[in-house]
1. Can you tell me the dipole magnitude for region 142-299 around its Cα centre, using point charges on the Cβ only (Lys, Arg +1; Asp, Glu -1), in Debye to the nearest 20?
2. Once amide H atoms are built 1.01 Å from N in the peptide plane, which residues 5 or more positions from GLU107, or in another chain, come under 5 Å H to H?
3. Using 0.36 nm times the number of residues separating GLN90 and SER290, minus their current alpha carbon distance, what extension gain do you get?
4. Taking the beta-carbon count within 10 Å as an exposure proxy, list GLU97, GLU49, GLU148 from fewest neighbours to most.
5. Which whole-number percent is the relative contact order of the chain (Cα, under 8 Å, 6+ apart)?
6. Kindly state, to the nearest 0.05, the FRET efficiency for ALA166 paired with ARG114, given R0 = 25 Å and r defined as their beta-carbon distance.
7. With only Lys, Arg, Asp and Glu charged, each at its Cβ (+1 for the first two, -1 for the last two), find how big the charge dipole of the chain is about the Cα centre; round to the nearest 20 debye.
8. Taking the dipole about the Cα centre of region 45-200, with the C-beta of Lys and Arg at +1 and of Asp and Glu at -1, give me whichever of ALA183, GLY72, ALA154 is farthest to the positive side.
Amino acid sequence: MSGTQMSGPFTCRFAPSPNGRLHLGHAFSALVNLAAARAVGGRFLVRIEDIDTARCRPEYEAGILDDLAFLGAAPDAPPRRQSAHFADYQMALDRLEAMGLIYPAFESRADIARAVARLEADTGRPAPCDPDGLPRMPIPRDALAEDERARRRAAGLPHVLRLDMAAALAAALTGGPLSWQEATGSPHGPAIAMPADPAAWGDVILARRDVPASYHLAVSVDDAAQAITHVIRGADLKAATAVHVLLQRLLGLPAPIYHHHRLILDDVGRKLSKSQAATSLAELRAAGMSAAAIRALIGL
């Protein structure tokens, strides 16, 4: 297990980023969460994941909440906004740093790309990739002396904070193998233990200079702060759960039960996304589509 199992009344959340309007995939996830909560008299919460202040806008947040109200999915409490909790993420980073588990990394994207190219040339094989298909960090922590890292950081040079995966696993696995409980079939289905392999992600980034916490860190801290008992989200995030349960173990956070639901796909089989300009709920609403019609369109 990753840590102490979360207890308390059934509580789930829908956590969109206000960097665009909701699409049908978001509607599906929100409504699956809502139905799961209502089925057992639980709580349905909304978290606004606006930690990337450069891309997130108030008008998108207002649009998200308007779309949820249209769908009949208004939350049971005011939304939690990540931008109001930067201090929480810094406390978590401070704890991990005190444990020697994170380090400042100064390599640029170009540096990493060159290191990947050298590795592939040397081995004749593709560089190892993370579950998202991106090359894992190819430059180890010990490639730069710790005192030089400290000097560069003190000088204010641009950097990110990475999790030393090998050190983190050495610390976490003293508590036994890592796994999470995955509800099968439905959010209320029987839960099975899923083995977690965070090493597949390499030395993941936990914070950037302009973004005070990565998705991995923020979601782990936020789920504990909101007492989320059940994380219900898309299947595309299932692999990332391995990093989350590792952080839960390291930070002493309670572990929710997870359920990773099916995705809504476009005509060529791709996951709907803002980056692919998926048709928004606002556009469907403007065309006269009702909430009931939207539910039917996504199979609910």
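Only the coordinates and a few stated rules stand behind these numbers; no lab work does. Small disclaimer: the values here were computed from a predicted structure and weren't measured. Glycine gets a Cβ as well: all are built from the backbone with ideal geometry, and neighbour counts include every protein chain shown.
1. Dipole magnitude for region 142-299 comes out near 360 debye.
2. HN-HN under 5 Å from GLU107: empty list.
3. Once the chain is fully extended between GLN90 and SER290, it gains 67.7 nm.
4. Ranked by crowding around the Cβ, least crowded first: GLU148, GLU97, GLU49.
5. Rounded, it is 28 percent for the chain.
6. That gives a FRET efficiency of 0.65.
7. Dipole about the Cα centre, nearest 20: 320 debye.
8. ALA154
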